[in-house]
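FYI, it's all coordinate maths here, none of it is from the lab. Source: prediction; values computed, not measured. Please note: Cβ atoms are built from the backbone with ideal geometry, for glycine as well, and neighbour counts cover all protein chains shown.
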Amino acid sequence: MDEFYHAAWTASRAQASHPLARTGLAKPSVAGHSDSSGTFIDRDSTMKRSLLSPLPLICAIGLTACAQQPAQPPEPQASLADELVMATLWMQSSGEYAALSHQAFNLARMNLDRALAAPEGSDRRPPAIIVDVDETVLDNTPYEAWLIANDENYASDSWAAWVDKASAVAMPGAKAFLDHAASRGVEVFYVTNRDDDQRDATLRNLARVGFPDADSEHLMPRTDASDKTARRQQVAQSHWIILLMGDNLGDFSSGFDRATAQARRAAVNAQANAFGSRYIMLPNPAYGDWEGALYGGDWSLSDEEKSRARRNHLQVWGGPATH
Ligand SMILES: [Mg+2]
């Protein structure tokens with residue numbers, strides 16, 4: 001439940017908590033890879049390389065044996081790292097991704113200014129916005145590219161090494177928007193599921209790119225739960241939250257936590273008016289809770305099982321008619 005709506009936003013009010021909250025689900029926290037409830041599955045412990053199906057092995061023994069095999073659905077062969085290639089390329093090289101990022105921050109600026117100007121926007125509490133960090137205001141795609149280049153899956157150690165470098169750049173349009181918010185007297189709270197022990201490195205990175213409010217008071221990393229509700233509530237106790245920005249539905253409300261991809265879609269469609277107004281979404285095709293939903297929240301699946309689960313979610317056209 002998002003209880004921070006100003007009257008101007010009540011038409012798009014988020015719904016209350018639902019039966020499939022994060023508790024009990026193995027869910028990602030940062031970069032889609034950890035969990036709030038002690039059910040975290042260390043992806044280090046899963047197979048890092050693709051599992052070869054028996055068929056190619058038989059083919060390697062002899063082409064005759066291969067030719068005699070009955071037709072079977074192809075088993076996933078690519079590593080999960082390979083499957084990151086197009087998403088990462090799109091994020092790193094496409095003008096379209098940069099355009100969407102600018103679009104999000106331009107929309108946020110418009111809504112912020114409108115809220116500050118609207119009579120119903122007057123609130124005794126100081127105005128604030130809440131932004132997620134990763135793939136919302138900071139770009140970590142070099143880490144994703146490193147995973148691809150090294151055929152690795154996400155792991156807490158390599159992620160921590162990347163975070164410690166504090167070298168992520170700002171998302172396109174992020175600095176201009178956050179500076180504008182600060183110039184209007186709006187405080188920026190960074191609510192992130194980076195670990196609490198990454199606080200200093202994160203502050204260094206936020207300061208390096210020149211973001212406002214890059215201090216410990218405004219940075220709220222994950223301490224116990226990846227669910228951000230309590231941290232949003234903490235901000236709301238003292239501030240008027242005008243809008244929230246994120247690349248993951250959990251950055252807005254736990255009301256979007258659902259076990260299946262279909263249910264997440266339905267939850268978004270039910271809150272359609274909130275997006276582009278109080279909720280400003282950044283695109284992230286590389287990782288997120290959307291991925292976990294493909295696995296039913298079970299991050300313990302092997303690479304092969306994950307790859308198959310991904311393909312099983314494809315909605316496939318029946319193909320051209322045969323004559
Ligand atoms: Mg994020």
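Can you give the charge dipole size of the range 203-323 about its Cα centre, rounded to the nearest 20 debye, using +1 on the beta carbon of Lys and Arg and -1 on the beta carbon of Asp and Glu? Before the final figure, lay out each step's value.
Details: 14 positive and 14 negative charges, 58 e Å.
The calculation lands at about 280 debye.
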**Integer Hz, Karplus 6.51/-1.76/1.60 couplings in order for the range 138-155, x for Gly and Pro** = 10, 9, 9, 4, x, 5, 4, 5, 5, 4, 5, 4, 10, 6, 10, 9, 3, 8
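By how many nm would the segment from Arg114 to Trp290 grow when fully extended, if each residue of separation counts as 0.36 nm and the alpha-carbon distance is taken off?
On the way: separation 176, 0.36 × 176 = 63.36 nm, distance 3.13 nm.
Value of the extension gain: 60.2 nm.
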**Request:** Using a 10 Å cut-off on Cβ atoms, rank the peptides 185-196, 310-321, 130-141, 157-168 from the highest mean neighbour count down.
**Result:** 130-141, 185-196, 157-168, 310-321
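Among Thr88, Thr260, which comes first, second and so on when ranked by fewest other beta-carbon atoms within 10 Å?
Thr260, Thr88
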**Item:** Förster radius 51 Å - calculated FRET efficiency between Arg208 and Arg310, Cβ distance, rounded to 0.05
**Value:** 0.90
**Complete:** To the nearest 0.05, the calculated FRET efficiency linking Arg125 and Ser94 through their beta-carbon distance, R0 being 30 Å, is 0.15
**Fewest-first sequence of Met110, Met171, Met91 by Cβ atoms within 10 Å of each Cβ** = Met110, Met91, Met171
**Message:** Sort Ile148, Ile241 by Cβ crowding within 10 Å, fewest neighbours at the top.
**Reply:** Ile148, Ile241
**Placed amide H near Leu243: partners under 5 Å, 5+ positions off or other chain** = Ile130
**Asked** Quick one: length gained pulling Trp146 to Ala263 fully straight, 0.36 nm per residue minus the C-alpha distance?
**Response** 38.9 nm
**Request:** Would you kindly state how much longer the chain becomes between Ser167 and Asp224 on full extension, computed as 0.36 nm times their sequence separation minus their alpha carbon distance, in nm to one decimal?
**Result:** 17.9 nm
**Request:** Mind listing the long-range amide H neighbours of Gly276? Cut-off is under 5 Å, sequence gap 5 or more, other chains count too, H placed in the peptide plane at 1.01 Å from N.
**Result:** Met281
